[in-house]
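Enquirer: Before I ask anything, here is the structure I am working with.
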Amino acid sequence: MKVIFIGDIVGKPGRKAIRLALPDIYAKYKPDIVIANIENAAGGLGVTYEKYEELNDTAIDFFTSGNHIWHHKEVEKWLDDVDNLIRPANYKDAPGRGWAIFKNTAIINLEGRVFMSCLENPFTTADAILKQIPDEIKVRIVDMHAEATSEKAALAWYLDGRVSAVIGTHTHVQTGDARIFPQGTAFLTDAGMTGPMNSVIGMDVASVTRRFITQRPTRFSVPSGAKILSYVYLEIDDRTGHALKIENKIIKI
């Protein structure tokens, strides 16, 4: 099975990068499923139904998210009604779902707790979800949306052999540590972002710099200009669920 996983889509530049570059990526790999993190698709924070529909009209099949999914309160009104968008599973009693089976693939969304909110334990949450997935569903992809690289790596080792891949999101900087663990789980600390290239993790350079210099609240915006699309390509044995190949790439647009 061939999987494309796209790093956090940031604002209008990220959505435009999808329209411009994803068709060529799709033609090159001919993936069975395309997954993308959508939590920053609307103005750089959160997602609205309008932006979800816009991206749902592309080659993306399924969407994961993270802590910013709640930024636009309207999401709580429609999150239960869509079957291809999930939020982190370790939010307790929240709208939406934390995992789903789509195109014969189990997709799980988890959020880290180090330097983030004190949610339910992502490790034990993963355990509980895996018990619910039918044995015949061998391909299992985890989006670990977390700040700490150590927490992402620890989860991947914890799930080695039980899931096909653990792909980190949230920090918007693609890492260079793509590998397959001994029991067959592919891992990358962070898939990176899809959005404005000349930015500070997706936001206007001047406003972010001003915040660091003054330590005062500053309104951030998503700049225009050159764009990047960051993605991970996976090949998975659909008989065993073990990863056979992982590649991480960044396309400049």
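Enquirer: Suppose each label sits 7 Å from its Cα in the direction of the beta carbon; what would the residue 19-residue 221 distance come out to in nanometres?
Expert: 2.1 nm
Enquirer: Using a 10 Å cut-off around each Cβ, can you sort 117, 221 from fewest to most neighbouring Cβ atoms?
Expert: Ordered by Cβ neighbours within 10 Å, fewest first: 117, 221.
Enquirer: Another one. What aspartates and glutamates sit close enough to residue 28 to cross-link, taking a C-alpha to C-alpha distance under 18 Å and skipping anything fewer than 8 places away on the same chain?
Expert: Within the straight-line limit of under 18 Å, residue 28 reaches these aspartates and glutamates: 61, 235, 247.
Enquirer: Could you check what % of the DSSP bridge pairs in the chain are antiparallel, to the nearest 5?
Expert: Bridges in the chain that DSSP calls antiparallel: roughly 45 percent.
Enquirer: Further question: Given an 8 Å cut-off on Cα distances and at least 6 residues of separation, report the relative contact order of the chain as a percent.
Expert: After rounding, I find 21 percent.
Enquirer: Rounded to the nearest 10 degrees, what's the angle between the helix 149-159 long axis and the longest principal axis of the chain, both from Cα atoms, 0 to 90?
Expert: Here the helix axis deviates by roughly 20 degrees.
Enquirer: Please compute the net charge surrounding residue 145, taking Lys and Arg as +1 and Asp and Glu as -1 over other residues with Cβ under 12 Å from its Cβ.
Expert: Net local charge, residue 145 excluded: -4.
Enquirer: Go through segment 205-253 and name the trypsin sites (Lys or Arg not before Pro) that are in a DSSP coil and have 13 or fewer other Cβ atoms within 10 Å of their Cβ.
Expert: Qualifying residues, ordered by number: 219, 239.
Enquirer: With both partners inside segment 1-139, how many of the DSSP beta bridges are antiparallel, as a percent to the nearest 5?
Expert: Bridges in segment 1-139 are about 30 percent antiparallel.
Enquirer: Out of every Cα-Cα pair in segment 121-182, what percent are more than 16 Å apart?
Expert: 44 percent
Enquirer: If you don't mind, another one. Across 10 Å bins from 0, what is the distribution of all Cα-Cα pair distances for the chain, in whole percents?
Expert: 8, 34, 38, 17, 3, 0
Enquirer: I want to check a number: in segment 32-130, how many lysine pairs have alpha carbons closer than 21 Å, given a sequence separation of 8 or more or different chains?
Expert: 4
Enquirer: Report, to one decimal in Å, the Kirkwood hydrodynamic radius for segment 87-224 based on all distinct Cα pairs.
Expert: 16.3 Å
Enquirer: Please list log₁₀ I(q)/I(0) at q = 0.11, 0.12, 0.17, 0.22 Å⁻¹ for segment 46-127, using the Debye equation with identical point scatterers on the alpha-carbon positions.
Expert: -0.29, -0.34, -0.68, -1.09
Enquirer: Now for a separate question. Give the distance, in whole Å, between the Cα centre of segment 1-40 and the Cα centre of segment 166-218.
Expert: Taking the Cα centre of segment 166-218 as reference, the centre of segment 1-40 is 16 Å away.
Each value in this text was obtained by applying a stated rule to the coordinates, not by laboratory testing. The model shown is predicted, which means the values in this text are computed figures rather than measured ones. Ideal geometry is used to build each Cβ from the backbone, glycine not excepted, and the neighbour counts take in all protein chains shown.
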